[in-house]
Amino acid sequence: VQLVESGGGLVQPGGSLRLSCAASGFTFRSYGMGWFRQVPEKEREFVAAITWGGATDYTDSVKGRFTISRSNAKNTVYLQMGNLEPEETAVYYCGARRGGGIATMPSDFESWGQGTQVTGSS
């Protein structure tokens, strides 16, 4: 299993970014995917998840601003982030898990990418 995130960068307050996570080495369409974020000395935090069937869930603070989606044709999951806030500066990770249902805990995911840095300027 390999997951490679991309799309991070520096963004102005209120700006937008789209993160991508390219997957390989497993049957992507059968896996649930999630986005998490982490800052130094804190736990990895749930951001959004999507099941293999397309059901989605978000942490409350990003609802209405972030959208998770997937392309099974491209083996890629996306996180469209809007109206970003400086305190959302973090390394963003995508995770993959077998099985159905929405998962929001890091321990529910078996595989992780290396992360991509998102920095909100203030």
Filter result for the condition that a residue is assigned to a loop (DSSP other than H, G, I, E, B) and at pLDDT 95 or above, over GLY53, GLY14, GLY64: GLY64
Could you run through region 69-100 and say how many residues are open to solvent by 10 Å² or more (accessible area, probe 1.4 Å), farther than 12 Å from GLU45 by Cβ and either touching a helix residue (DSSP H, G or I) at 6+ places or on another chain (Cβ under 8 Å) or not in a loop (DSSP other than H, G, I, E, B) (or both)? 11
Take the conditions open to solvent by less than 30 Å² (accessible area, probe 1.4 Å), in contact (Cβ under 8 Å) with a residue 12 or more places away in the chain and either not in a loop (DSSP other than H, G, I, E, B) or not small (Gly, Ala, Ser) (or both) and apply them to VAL4. Does it pass? no
With the condition kept exactly as written, say whether any residue in region 99-108 is of a type outside the set (Gly, Ala, Ser), under 12 Å from the mean Cα position of the chain (by Cα) and within 20 Å of GLN2 (Cα to Cα). yes
Residue match in region 27-38 (condition: in a loop (DSSP other than H, G, I, E, B), touching a residue at least 12 places away in the same chain (Cβ under 8 Å) and open to solvent by 40 Å² or more (accessible area, probe 1.4 Å)): no
Within region 39-65, which residues are of a type in the set (Ser, Thr, Tyr), closer than 15 Å to ALA90 by Cβ and open to solvent by 60 Å² or more (accessible area, probe 1.4 Å)? SER61
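The values are calculated or read from the model by the stated rules, or taken from the named source; none is laboratory data. Not measured: the values here are computed from a predicted model. Glycine also receives a Cβ, built like all others from the backbone with ideal geometry; neighbour counts cover every protein chain displayed. Heads up: the accessible areas ignore ligands, DNA and RNA and are worked out on the full protein's heavy atoms, side chains in. Shrake-Rupley method; radii C 1.70, N 1.55, O 1.52, S 1.80 Å.
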